[in-house]
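No value in this document is a laboratory result; all are computed from the given coordinates. Fair warning: this is a prediction, and the values are worked out from it, not measured in the lab. Cβ placement follows ideal geometry from the backbone for every residue including glycine, while neighbour counts extend to all protein chains displayed.
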Ligand code: ZN
């Protein structure tokens with residue numbers, strides 16, 4: 001079968017590979033294999049260090065043959081907190097303990113007044129990445145629902161109201177990222193796998209507010225979280241079939257979001273759930289981020305083959321299940337190579 005490849009505007013390769021977002025940082029920049037790892041540098045040295053790490057992370061993706069590259073989230077400490085740190089209305093000294101995604105307790109900052117974006121958060125970093133490569137670039141932002149779940153709200157007293165405020169702020173940032181040359185803006189919404197009623201009542205509407213007026217492609221990443229203990233323990237309680245995606249998919253299929261990024265490999269997500277988002281581009285997680293075993297190319301290819309039953313070939317984007325920040329660097333590197341080798345097996349099969 002010879003597949004005619006639709007030019008997507010971001011990529012004209014069949015099965016373009018990418019990662020969900022984060023990659024490990026060098027040990028001279030931050031403590032390895034740790035979330036919320038403190039920086040080891042300060043001031044101008046930290047600014048330079050982050051840029052150097054971004055360049056290395058980009059180079060590692062390129063050497064592995066990744067088609068849609070990212071900053072590896074080298075300039076942020078955490079995928080949610082770093083964005084919030086740049087906003088006014090949030091007091092980082094006034095901390096409360098809350099339950100994150102109904103799963104684990106964390107000490108989080110407090111919303112004490114109206115939230116607003118006083119200055120761009122990642123725009124300079126995105127411009128820097130844009131200068132380094134002509135390849136399509138993807139930039140990740142936290143989604144509104146996941147942001148409110150990582151805060152204590154002492155001002156709006158309404159999860160929905162706060163989420164709408166964040167959606168407006170994210171839209172401002174997204175428009176500037178687009179202007180900086182970002183090809184795909186991705187919103188990370190692991191909370192979509194937990195708060196189903198809210199997802200359908202206002203979660204997806206907030207996400208659409210965040211992408212309003214964008215001309216670049218947009219993605220939402222919904223996963224079962226990093227491979228940290230709180231998440232792996234939670235996964236053990238989910239039974240043999242993980243049908244959480246079933247809750248948000250019908251509305252997402254009708255939404256204006258272009259791409260849906262999902263966890264598939266080694267998970268108990270029934271692959272036929274992908275039928276519910278038929279027509280959307282799907283970033284299929286074919287790399288497990290919760291263990292250190294490097295997938296064989298054939299294992300990756302197997303997951304992609306299963307996904308191809310429910311996703312048209314021109315809409316399938318091989319990806320990782322989630323970010324790889326907590327993994328050892330050599331493991332993450334090995335997994336990137338496995339991803340591209342697995343995608344290549346399927347490309348050959350499709351061109352036969
Ligand atoms: Zn994830």
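Here are some notes:
- Note on the chain: helix-only mean residue ellipticity at 222 nm, from DSSP H runs of 4+ residues weighted -39500 (n - 2.57) and normalised by residue number, equals -10500 deg cm²/dmol.
- Global geometry of the chain, whether rounded, prolate or oblate, following the gyration tensor of its Cα atoms and the 1.5 cut on a/c: rounded
- Mean-position separation - Cα centroids, the stretch 116-167 and the stretch 37-113, in angstrom: 11 Å
- Helix 245-254 and the longest principal axis of the C-alpha atoms of the chain enclose an angle of approximately 90°.
- Two-site label geometry, residue 179 and residue 35: point separation in nm, points 7 Å out along Cα→Cβ: 3.4 nm
- Taking the chain as a Gaussian network of alpha-carbon nodes connected by springs under 10 Å, the highest mean-square fluctuation of the residues 183, 52, 93 belongs to 93.
- Within the listed set 272, 33, 247, the residue fluctuating most in the Gaussian network model of the chain (springs between alpha-carbon atoms under 10 angstrom) is 272.
- Cβ-derived FRET efficiency at R0 51 Å, residue 253 paired with residue 127, nearest 0.05: 0.90
- Summary of packing: across the peptides 318-327, 233-242, 161-170, the per-residue average of other C-beta atoms within 10 Å ranks them, highest first, as 318-327, 161-170, 233-242.
- Taking 226, 152, 104 and counting other C-beta atoms within 10 Å, the order from fewest to most: 104, 152, 226
- Helix 329-350 vs. the chain, principal-axis angle (Cα, 0 to 90°, nearest 10): 40 degrees
- Sorting 277, 228, 345 from the fewest to the most surrounding beta carbons within 10 angstrom yields 228, 345, 277.
- Look at the alpha carbon pairs under 8 Å that are at least 6 residues apart: their mean separation over the length of the chain gives a relative contact order of 21 percent.
- A simple spin-label model places the labels of residue 45 and residue 234 3.7 nm from each other, with each point 7 Å out along Cα-to-Cβ.
- With respect to the chain, whose longest principal axis is taken over its alpha-carbon atoms, helix 297-307 is tilted by about 80°.
- Taking 0.36 nm per residue of sequence separation and removing the Cα-Cα distance, the residue 330/residue 134 pair yields an extension gain of 68.0 nm.
- Fraction of beta bridges assigned by DSSP in the chain that are antiparallel (%, nearest 5): 30 percent
- Highest-MSF residue in the chain out of 72, 43, 279 [GNM, Cα springs under 10 Å]: 43
- The stretch 289-318 and the stretch 252-276: distance between their alpha carbon centers, rounded to Å: 13 Å
- Distance in nm between pseudo-label sites at residue 201 and residue 154 (7 Å out along the Cβ direction from Cα): 2.5 nm
- Going from the fewest other Cβ atoms within 10 Å to the most, the residues 262, 151, 350 appear in the order 350, 151, 262.
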